[in-house]
Protein chains: 2
Amino acid sequence: MTHRSGLLTDRYELTMLDSWVEDGSVGHPAVFECFARRLPEGRRYGVLAGLGRLLPLVEAFTFDADEVTWLVEQGVVGERTAAYLQDFRFRGDIEAYPEGDLYFPGSPVLTVRGTLGECVVLETIVLSVLNHDTAIASAAARMVTAAAGRPLIEMGGRRTHEQAAVATARAAYLAGFGSTSNLRAGLDYGIPTVGTAAHAFTLAHRSEEEAFRSQVEAQGPGTTLLVDTYDIAEGIRTAVRVAGPALGAVRIDSGDLAEEAVKARALLDDLGAPDTRIVATSDLDEFVISALADAPIDGYGVGTRVATGSGHPTASMVYKLVAVADSADGPLRPVSKKSKDKVSVGGHKTAWREYDDAGLLVRETFTIPGDPAPAGAYPAQVPVMKDGVAVHAPSTEEIRAHTAAALRRLPPEALAVAAGPPYLTVTRNSEEETA
Amino acid sequence: MTHRSGLLTDRYELTMLDSWVEDGSVGHPAVFECFARRLPEGRRYGVLAGLGRLLPLVEAFTFDADEVTWLVEQGVVGERTAAYLQDFRFRGDIEAYPEGDLYFPGSPVLTVRGTLGECVVLETIVLSVLNHDTAIASAAARMVTAAAGRPLIEMGGRRTHEQAAVATARAAYLAGFGSTSNLRAGLDYGIPTVGTAAHAFTLAHRSEEEAFRSQVEAQGPGTTLLVDTYDIAEGIRTAVRVAGPALGAVRIDSGDLAEEAVKARALLDDLGAPDTRIVATSDLDEFVISALADAPIDGYGVGTRVATGSGHPTASMVYKLVAVADSADGPLRPVSKKSKDKVSVGGHKTAWREYDDAGLLVRETFTIPGDPAPAGAYPAQVPVMKDGVAVHAPSTEEIRAHTAAALRRLPPEALAVAAGPPYLTVTRNSEEETA
């Protein structure tokens, strides 16, 4: 593992660079754009995440001498490109949608401007970070909506790569989860951490009562006791006997959660513990959480499904050249691929958002150079990097607030968990749609 | 990012530890086991991967002074547990299936033995690594089978977390992929890297011909030219005109690949370039690769679907306490959870494999202490860590050869891409199946 991010890159970025160093076009001005052609099937919106992780990785996008030597030995680059990489760092500009903002098919969520060489090599790191973190945040936001104010715990770290786990905790928190089980994310990002005990804890003791007593002695009666190792009703009786009515919560991790929650609530009330909360944690996702809306559950722990993007573990963002100059000081010309199944609009895009009188988002369009700005519209991008230095560094709490505010600008039907088409599709703001 | 792995952990591991430090059971002998209750729907077998990444992370499972202070400040652990963590490192033993081996529902792929405290805290890191890497290797092995000897390139790094990308390249290579686009994986693990150019490369030049000329000048005629930026047939004609009949390969990344490959092959032959290979790279997975078996395609590049486990991005491994002693020198007693929907067999399991006369794997069972070993069976586990020191360190090439050999011990129907039940389910080798 390394702090440098240069080699976290697909080989073809550097072979392209090598050709451009050799043919002299490496320093020509260029614009690359990151966007998604589509949302995952049935999703109405996406939540952009990862920018706060990406910008430091772009600043750290360098190569040490050993890495450059290895690239030459492997035949990836020649000596001239080796010299270029030895001194490389990105010195261009990046504009992007603020982290935590919504995006739709065609939203130009991130625009990289600089020389052809410095822009092209960022493709892999830009996509890795944004595709992963956005997939998590987009799934998490739907779970938050489904939970309707009840707190969500992210606990999926064990279901994904150990470093992806930390990014998962961050992205889920930005999207509105209340806490994470991941300690590294707690220390690195200041996210509240929670967690009390697994079944192993109960099993390791000679009895459930002994296990609960040990936990309550160490953590106090406000702790959460896992009551389903043997029999849930018996577990709840033992829990209240050991911790008293000040018991913080019971956790149920198996069975029919709606049915078990109703029985648990009645039993807790009966035992004089009406303030003891019920936390549910078995294979939850936005659909199960929606279905549990009427159950007396006070909080949800979500693991696998949030860490894997609830069926869509990657966000299908792409990174495309949209404009390039044919000399170091020439004008930018728009470019786009025109093969059979993928047609894109070329040119550097500026995205605009329009809101109705109630503040709801009603339209998102883009213009290219020469197009007039739509009246009454707000630019969607903000500067996030200037001359290779990050200039966008909202706190985790600020990003979280931004996401919450952005979601309030969608109508209820766009927030529903039920499948539907994208709430918006972003096209060019002009009468003639030309490719 | 840090080399220490201690905090890549769910909080509840440390709150359990805290209770055990307080109640005195932290040093009691214990056995934990990692296994999957099921394979992903339709899969016949899984391929265990990640051990070569996991063992160094277990050796690095420590906490620095600042981390311990933070854990105390956060109320995760008390002062006695803080002292325990300050000096912590795992000093126990681990046995496991060799990396790259097959596994089935119930296979005890990894067994951790040590004190209750040192075993419990490894749960998250063990599961993160094995669940991720195994999901990739299991999907990749099916793609390798579907490709029937044609080489596969792993190029999914941009679809997953930037560090998961490196692990993805490793896992896919172990399972039989021939190369990766990921440079970090090339340097760290010695995996062959490949990659030439994206559409951006062609678009940045004034013409496709100019782009191809630049690439051939930098990389020689043996390179792979991407021919579908504008029109595939025209692209192929230009490619052969520029590179000559020694052109290494053309890459097609769009359209109906079977149809385009047939046309491309005919055109290349017609142009006098019968040795120029055809590489296909658009949204491939094991099913598409199978469907392309008759197409004149010489190699496949697989991205999203390998990096996301072809629909199953995590392997559903769990880590369970199976035996524990009630004192520091007491005997191990088997334990198992017995709630409604999850019944496990307690006790330290030893797994056994049996082969038929043709060398095919026909049976996998386990025994617990007291059971006789099945006649003519081979133990499935090997020691991988002794007294906290890794003792299993096969090279990447050795693991790759092990996987290939293990796959040859399955009958053709188990290797088919078509959905089916697990080829084997691993149960206790005894006449009475008791839980």
Relative contact order as a percentage, chain A, C-alpha pairs under 8 Å and 6+ apart, gives 23 percent
Rolling a 1.4 Å sphere over the protein heavy atoms, what is the accessible area per residue of the protein assembly as shown, to the nearest Å²? 35 Å²
PRE zone check, label point 7 Å out along Cα-to-Cβ of A:Glu73, amide N under 15 Å, scope the range B:170-201, hits B:184-193
What does the helix-only formula give at 222 nm for chain B: each DSSP H stretch with n ≥ 4 adding -39500 (n - 2.57), the total divided by the residues, and the result rounded to the nearest 500 deg cm²/dmol? -11000 deg cm²/dmol
Quick calc, the range B:146-311, dipole around Cα centre from Cβ unit charges on Lys, Arg (+) and Asp, Glu (-), nearest 20 debye, gives 460 debye
I'd like the accessible area for B:Lys386: 1.4 Å probe, protein heavy atoms, all chains in place, Å² to the nearest 10. 100 Å²
Label position 7 Å from Cα toward Cβ: report the copy-to-copy distances for B:Gly359 in nm, one decimal, ordered from shortest. 7.1
Give me the accessible area of A:Trp70, 1.4 Å probe, in Å² rounded to the nearest 10. 20 Å²
Select from the range A:158-188 all residues whose loss of accessible area on going from the chain by itself to the full protein assembly reaches 50 Å² or more (probe 1.4 Å). A:Arg158, A:Arg159, A:His161, A:Glu162, A:Gln163, A:Leu183, A:Arg184, A:Leu187
Charge dipole (the range B:146-311, unit charges on Cβ, about Cα centre) - positive-most of B:Ile236, B:Ala293, B:Gly311: B:Gly311
For the range A:130-196, what is the relative contact order in percent, using Cα pairs closer than 8 Å and at least 6 residues apart in sequence? 32 percent
Excluding residues fewer than 8 positions from B:Lys263 in its own chain, the aspartates and glutamates with Cα under 18 Å of it are A:Asp341, B:Asp228, B:Asp231, B:Glu234, B:Asp253, B:Asp275, B:Asp294, B:Asp298
Order B:Leu187, B:Leu247, most accessible first, counting only protein heavy atoms with a 1.4 angstrom probe. B:Leu187, B:Leu247
Label points for B:Ala418 built 7 Å along Cα→Cβ; distances to same position in the other copies, nm, shortest first, come to 3.9
Using a 1.4 Å probe over the heavy atoms of the protein chains, calculate the carbon and sulfur portion of the accessible area of the protein assembly as shown as a whole percent. 52 percent
Just to be sure I follow: if Rg is taken over the C-alpha atoms of the protein assembly as shown and Rh is the Kirkwood radius over the same atoms, what is Rg/Rh? 0.98
Dipole of chain B, Cα-centred, from +1 at each Lys and Arg C-beta and -1 at each Asp and Glu C-beta, to the nearest 20 debye? 400 debye
Separation of the B:Asp298 and B:Val389 label points, Cα + 7 Å toward Cβ, nm: 5.0 nm
In square nanometres, what is one fourth of the surface area of the convex hull spanned by the alpha carbons of the range A:302-357? 8.5 nm²
Mean projected area, convex hull of alpha-carbon positions in the range A:1-108, reported to one decimal in nm², is 8.4 nm²
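Find, to one decimal place in angstroms, the Kirkwood hydrodynamic radius of chain A, where the mean of 1/r is taken over every pair of different Cα atoms and then inverted.
Computed over chain A, the radius equals 23.9 Å.
At 0.36 nm per residue, minus the direct Cα-Cα distance, what do A:Ala358 and A:Arg408 gain on full extension? Give it in nm, one decimal, please.
Difference between extended and current length: 16.9 nm.
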Can you list, shortest first in nanometers, how far A:Glu73 lies from the same residue in the other copies, with each label 7 Å from Cα toward Cβ? 4.3
Using a 10 Å cut-off on Cβ atoms, rank the peptides B:353-360, B:216-223, A:163-170, B:315-322 from the highest mean neighbour count down. A:163-170, B:315-322, B:216-223, B:353-360
Let me know the charge dipole size of the protein assembly as shown about its Cα centre in debye, to the nearest 20, where only the beta-carbon of Lys, Arg (+1) and Asp, Glu (-1) is charged. 660 debye
Please give the FRET efficiency for B:Ala148 paired with A:Val262, using the beta carbon to beta carbon distance and R0 = 35 Å, rounded to the nearest 0.05. 0.05
Return the inverse of the average 1/r over all pairs of distinct C-alpha atoms in the range A:245-350, which is the Kirkwood hydrodynamic radius, in Å to one decimal. 18.4 Å
With all protein chains in place and a 1.4 Å probe, B:Arg91 shows an accessible area in Å² (nearest 10) of 130 Å²
List the accessible area buried at the contact between A and B, summed over both sides and calculated with a 1.4 Å probe, in Å² to the nearest 100. 8100 Å²
What share of the DSSP beta bridges in the range A:147-310 is antiparallel, in percent to the nearest 5? 0 percent
With the dipole of the range B:146-311 defined by +1 on each Lys or Arg Cβ and -1 on each Asp or Glu Cβ, the option from B:Phe212, B:Ala273, B:Ala172 whose Cα lies farthest towards the positive pole is B:Ala172
Relative to the isolated chain, which residues of the range A:205-222 have their accessible area cut by 20 Å² or more in the presence of all protein chains (1.4 Å probe, heavy atoms, no ligands or nucleic acids)? A:His205, A:Arg206, A:Ser214, A:Ala218, A:Gln219
With the dipole of chain B worked out from charges on the C-beta (+1 for Lys and Arg, -1 for Asp and Glu) around the Cα centre, which of B:Gly42, B:Gly92, B:Ala375 lies farthest toward the positive end? B:Ala375
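Given the convex hull over the Cα atoms of the range B:51-208, what projected area results after averaging over all orientations, in nm²? Don't skip to the answer; put the middle values down first.
On the way: hull surface 54.8 nm².
Computed as one quarter of the Cα hull surface, the answer is 13.7 nm².
Which percentage, to the nearest 5, of the DSSP beta bridges contained in the protein assembly as shown is antiparallel? Write down the numbers at each step before the final one.
On the way: 76 of 110 bridges.
Roughly 70 percent of the DSSP beta bridges within the protein assembly as shown come out antiparallel.
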In whole angstrom, and with the biggest value first, how far do the Cα coordinates of the range A:147-310 range along each principal axis? 40, 33, 23
Scoring the range B:146-311 by relative contact order with C-alpha pairs under 8 Å, at least six apart, yields a percentage of 25 percent
Taking B:Lys338 as the anchor, which lysines have their alpha carbon closer than 16 Å to its alpha carbon, excluding any fewer than eight residues away along the same chain? B:Lys320
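The values are calculated or read from the model by the stated rules, or taken from the named source; none is laboratory data. The model shown is predicted, which means the values in this text are computed figures rather than measured ones. Because the Cβ atoms are built from the backbone with ideal geometry, glycine has one as well, and the counts that use them run over all protein chains shown. The protein model used for the area step is the full one, side chains on, heavy atoms only, and it has no ligands, DNA or RNA in it. Shrake-Rupley method; radii C 1.70, N 1.55, O 1.52, S 1.80 Å.
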